[in-house]
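**Q** Right, I'll just put the structure down here and ask away after.
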Amino acid sequence: MLLAPVCRRAFGYSSILYLKIAFCIDFSSFFNELFALDGLLEKLKVGEFLSHSGAASITVKVMALALCWLFSCATGAQQSVVSADSSKEFKTIDVSEEVVQQVWSHLYLLEDKTNKLTFSEMREMLDERSNWRLLGSDEVPAVGYTDGSIWGVLHLHNPNETARTRVALIDIFNLDTVEFFFLTGSPEPRFTKTGNLVPSELRWSSSRLPSALITLPAKSTSRLLFRIKSETSITVPLKLQILGDYSRSNRNILALEMLFFGAVLALVLSQLTQFIITGNTASGWYVASASSIMLFLLSVLGIGNIFIWDASEFFSRDLYVVALALVFFSVTGMASNILKLAEISQFVYRVYRVIQWFSLSWFIWLFFLGYEWSIKTLMIYACGSSVALVFYASRRWLEGDERSKYFLASWLLFYIFGIFFMLKILNIVNAQVSYPHLMAISAVFQLVVFYVYLAKNIAENNRELVVAKEEALMLEKNYTITLEHQIAERTQSLQEANERLQKLSVTDSLSGVFNRTYFNETFPGEVKRASRQEGFLSVLMISIDRFKVINDTFGHLGGDACLRFLSETICGVVQRQSDWVARFSGDTFIVLLPATELEYAEEIAESICGTIEAGEVVSAAGECKFTVSVGIYCDVPDELQEPMDLVARVDHAVFQAKQLGGNRVRLVMLQD
């Protein structure tokens, strides 16, 4: 737990310094307040909480320490880097033939804290060396934030035999108002007014950088006097540039910047379409991040001030704060989405959600604190949070998280250049580097890399969808096969059931042979087929003799038993597949013998009669013996003959057999 006191004190430093800076409180009681807060935090166990071993708390520690360092640097960076020198004479600088000549090391500065000094008063003070302070260093003069005005004077000497025309420019985009007074031998100076809050029609050119066109007479010394009034951070990287190269470089840089905005806009539109169609949240955060970055760079690079909003105080200066807050909000949201913080750690997720949404509070702070303190506090907040986020993502990458690798690969350069840009605005870093352009380049790089990441995710999702679709198709195929088998089985079962039902519908339930319905449907076809084939058709009608007596003696159950015995006997004698038996009426059966001549028909009839006569039926009422009478028809049917006429004739033969005493076979006389 050795980290607990360190983290507790870092948290205390950050909190008190933040309040001191935000509300401009005197720092004389800082240490007393820090010791008091340290005791309170110790009681609250804040140090132990911050020194927890997890990645989440380590991220909080890094953020607290980063904020502490930034607050300390920001408070120390309020003083100007301009220092005094002991020389009593102004130093001049020869105008060279270099394309771009850095001249700030010969620049003399003076701060007008009251904003009351006029050009006339300053002109009188130009010869008083004691009023001015020489930078005397190769470092860019960084004044920082001031409520007053910064006056500067540069003594230029043209050693050439001819006049030289140069563009004097301050290589920084976000100065509110800059007034140039070029003093030569003429009584009236050449006056140029420029800056973000100066309308474009009042500027000498459409350049986004504060600049003035000056012409130095041959073999003479001139003075360039300027006044800077700006609520933004003031640095004075004064340069002289040849006019032709100045115009050409402006056009080239602007073309590259337009190319950047066009590329980013194309990526934004593609992801916006993706977001609208699929609702992918990563695409939504991509659109928000890229759009806010474009808005931020439009403000920082001065492009919006030239081409869109033209000298509006809010858009030219205050939009800087709004755009930076939106960039931080959207980038933090994208980071949370990419790193899946909600799945990894609820604590980290909640912390970053608070950090993310709290950044939007600077929309309100801008109106209460003003531009200076809003941009300071926001940049400190964004720097500390960005350092913590990069640290956390790096830790996750080292732990093998693939998403963190893509996040850092796409965003790390943008974070680095963005942090250095904010440190430069806070006057913590003083380097003559165009961080906004580096941010633009890194933004394109990160957007392309992240676009590839999204494309890879979409491809992986598509592959997963294809696999899932194939699995679904396989399941569907297997289900279809199973269903087809089930349908086939059920169809077969249904067919069997229908066959059974159909058989039952044409089967006599008592005897088990075909019923009268089957006979009526089938017999006419058999007669016509025999007539068409000119083949013999034999029909046997078999009736029980004195069946009424049997029913009266043995009862109806006894009669039913006799009927079953008769049907079983007939079926036992009639064996051919083409032959069939039907119950014609109560005690009468018909046997159809296709392609059968009389000799075989008589043999069948005699066999049935003999078997019935020899057998007996056992019933509940006793043993019953009975005989049958058989009528036979055998002939080649006439095609004009009605089938039922044939039945009537064989029925008559049975009647004759019964009249003769029964138990006999009677042939149908063809002449009848």
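**Q** Angle check, please: helix 243-278 long axis (alpha carbons) against the longest principal axis of the chain (alpha carbons), in degrees 0 to 90, nearest 10.
**A** Here the helix axis deviates by roughly 30 degrees.
**Q** Lysine pairs in segment 371-508 8 or more apart or on different chains: how many have alpha carbons under 29 angstrom apart?
**A** The result is 5.
**Q** Now a separate question. List the aspartates and glutamates whose Cα sits under 18 Å from the Cα of LYS116, skipping any in the same chain fewer than 8 residues away.
**A** Within the straight-line cut-off, LYS116 pairs with GLU124, ASP147, ASP176, GLU179, GLU231.
**Q** May I ask for the angle, rounded to the nearest 10°, between helix 30-43 and the longest principal axis of the chain, with both axes built from Cα atoms and the value confined to 0 to 90°?
**A** Approximately 30 degrees, to the nearest 10.
**Q** Right, next: At 222 nm, what helix-only mean residue ellipticity would the chain give, in deg cm²/dmol to the nearest 500, using -39500 (n - 2.57) for each DSSP H run of four or more?
**A** After summing the helix terms and dividing by residue count, I get -19500 deg cm²/dmol.
**Q** Between VAL99 and ARG532, how many nm apart are label points set 7 Å from Cα along the C-beta direction?
**A** Taking the simple label geometry, VAL99 and ARG532 are separated by 10.9 nm.
**Q** How large is ³J(HN,Hα) for each residue in segment 289-297, as worked out from phi by the Karplus curve 6.51 cos²θ - 1.76 cosθ + 1.60 (θ = phi - 60°), to whole Hz, x for Gly and Pro?
**A** 3J(HN,Hα) across segment 289-297, in whole Hz: 5, 5, 5, 5, 5, 4, 4, 4, 6.
**Q** When the Karplus curve 6.51 cos²θ - 1.76 cosθ + 1.60 is applied with θ = phi - 60°, which whole-Hz ³J(HN,Hα) does each residue of segment 466-482 get, with x for Gly and Pro?
**A** Values per residue, Gly and Pro as x: 5, 4, 4, 5, 4, 4, 5, 5, 5, 4, 5, 5, 4, 5, 5, 4, 4 Hz.
**Q** Next question, about the same structure. Can you order the peptides 414-421, 214-221 by their average number of other Cβ atoms within 10 Å per residue, highest first? Kindly include the intermediate steps, with their values, before the conclusion.
**A** Values: 414-421: 21.1, 214-221: 15.9.
My ranking of the peptides, most packed first, is 414-421, 214-221.
**Q** Between segment 140-182 and segment 596-647, how far is it from one alpha carbon centroid to the other, in angstrom?
**A** Cα centres, segment 140-182 to segment 596-647: 139 Å.
**Q** For volume of the Cα convex hull per residue in Å³, the choices are (1) 168; (2) 257; (3) 324; which was calculated from the structure?
**A** Read-out taken from this structure: (3).
**Q** For segment 477-541, what is the convex hull volume of its Cα atoms per residue in Å³?
**A** Details: hull volume 8.1 nm³, N = 65.
In segment 477-541, the Cα hull volume divided by residue count equals 125 Å³.
**Q** Sticking with this one: For segment 262-342, what does the alpha-carbon gyration tensor say about shape, rounded, prolate or oblate, given a ≥ b ≥ c as the root eigenvalues, a/c under 1.5 as rounded, and a/b over b/c as prolate?
**A** Working: a/c = 3.30, a/b = 1.73, b/c = 1.91.
It is oblate, given that a/c is not under 1.5 and a/b is not larger than b/c.
**Q** Another question, if that's okay. Simple spin-label model, 7 Å along Cα-to-Cβ: THR281 to GLU597 in nm?
**A** For the pair THR281/GLU597, the computed spacing is 9.8 nm.
**Q** Just to verify a number: FRET efficiency for GLN346 and ALA431, C-beta to C-beta distance, R0 = 56 Å, to 0.05? Numbers along the way, then the final one.
**A** Details: r = 40 Å, r/R0 = 0.72.
That pair, GLN346 with ALA431, gives E of 0.90.
**Q** Now for a separate question. Could you compute the net charge surrounding LEU224? Neighbours are other residues with a C-beta less than 11 Å from the C-beta of LEU224; K and R count +1, D and E count -1. Mind dumping the intermediate values first?
**A** Details: positive: ARG166, ARG190, ARG223; negative: none.
Here the charged neighbours net out to +3.
**Q** Long-range amide H contacts for SER538: which residues qualify at under 5 Å (H placed 1.01 Å from N, peptide plane, sequence gap of 5 or more or a different chain)?
**A** It is LEU593, ALA595, THR596, by chain and number.
**Q** So if we plug the beta-carbon distance of THR480 and THR517 into 1/(1 + (r/R0)^6) with R0 = 30 Å, what FRET efficiency do we get, rounded to 0.05? Provide the component values of the computation, followed by the final result.
**A** Values: r = 41 Å, r/R0 = 1.38.
Calculated value: 0.15.
Values in this text are rule-based calculations from the coordinates and carry no lab data. Note that the structure is predicted; figures quoted are calculated from it, not measured. Glycine also receives a Cβ, built like all others from the backbone with ideal geometry; neighbour counts cover every protein chain displayed.
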